[in-house]
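The values are calculated or read from the model by the stated rules, or taken from the named source; none is laboratory data. All of these numbers come straight from a predicted model, not from anything done at the bench. Because the Cβ atoms are built from the backbone with ideal geometry, glycine has one as well, and the counts that use them run over all protein chains shown. Note: accessible area is taken over every heavy atom of the protein model, side chains too, but ligands, DNA and RNA are not part of it. Shrake-Rupley method; radii C 1.70, N 1.55, O 1.52, S 1.80 Å.
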Amino acid sequence: DVFLEEDFSNHEMYINLNDVFIDIDGELEYSVSFTDPSIVGATLESDADDSPNTFEILSLHSLENAFGETQMIVTASNPMRASVSTSVLVTVSPVNDAPIFSLPNEPIVFDEDTSFEMMSFQEMMDSGALVDVDNRLDQLSFEINTDLNLEWDGEALSNPVLMGDE
């Protein structure tokens, strides 16, 4: 079994598949598949040095923000189309990613005797300015830090209001 964390770096498994699968009829061709291909990806590469000790290098790669369990099925086939397979459980554990804000990097400008109503966090999420792939809005907590006067009840559905100096 293989255990990995979400968004892992490539994980190479150096396995001589010719020691795992043996066929007296000749060379074998290998393939890899998954019962759930949305969890993890793989590539199979031969070390291609044409020696009798050729290794097949199996590399697992993460799929962005994907996690869960899947069976990895490695199949060996001979030229006569006979094949045999073995499977390995691959578990990718979830990692809580931080929310991402993509607000314009422009200063907020308003007159000193007025106020400026900001978007609520709900409006930011609806517009795509706030994205959290792991949590719903009601699972997040928010804090606003500013040197200006701020009126806000701390609720994600309400609009914070910046107050100008009078």
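For the reader, a short list of remarks on this structure follows.
- Counted residues, segment 101-128 - those being farther than 22 Å from G164 by Cβ and either touching a Lys or Arg at 6+ places or on another chain (Cβ under 8 Å) or modelled with pLDDT under 90 (or both): 2
- Checking the stated criteria, D126 turns out not to satisfy the condition of being under 23 Å from the mean Cα position of the chain (by Cα) and closer than 30 Å to T35 by Cα.
- Selected residue (criterion: nearest to A98 (Cα to Cα)) from residues of segment 136-166 that are β-branched (V, I, T) and assigned to a loop (DSSP other than H, G, I, E, B): I144
- Residues located in segment 1-19, provided they are modelled with pLDDT under 80 and either more than 15 Å from the chain's Cα centre (by Cα) or farther than 30 Å from D97 by Cβ (or both): E12, M13, Y14, I15, N16, L17, N18, D19
- Verdict on F121 being open to solvent by 40 Å² or more (accessible area, probe 1.4 Å) and aromatic (F, W, Y): no
- Taking the criterion of being modelled with pLDDT of 90 or more and loosely packed, with under 13 Cβ neighbours inside 10 Å, the residues of segment 155-166 that qualify are E155, L157.
- For S62, the criteria (1) touching a residue at least 40 places away in the same chain (Cβ under 8 Å); (2) under 30 Å from L137 (Cβ atoms); (3) open to solvent by 70 Å² or more (accessible area, probe 1.4 Å) hold in every case but one, which is (3).
- The residues listed here are V109, V133; of these, the one that is of a type in the set (V, I, T), loosely packed, with under 10 Cβ neighbours inside 10 Å and assigned to a loop (DSSP other than H, G, I, E, B) is V109.
- Scanning segment 40-65 for residues that are assigned to a loop (DSSP other than H, G, I, E, B), at pLDDT below 80 and acidic (D, E) gives D47, D49, D50.
- The set of residues in segment 115-153 that are among the aromatic types (F, W, Y) and in contact with a helix residue (DSSP H, G or I) (Cβ under 6 Å, 6 or more places away or on another chain) contains only F142.
- Segment 99-125: number of residues that are without any contact (Cβ under 8 Å) to a residue 24 or more places away in the chain and farther than 13 Å from N159 by Cβ: 6
- Exactly one residue out of D138, D134, D147 is among the acidic types (D, E), at pLDDT below 90 and over 28 Å from S9 (Cα atoms): that is D147.
- On the stretch given as segment 66-94, residues that are part of a loop (DSSP other than H, G, I, E, B) and open to solvent by 50 Å² or more (accessible area, probe 1.4 Å) total 6.
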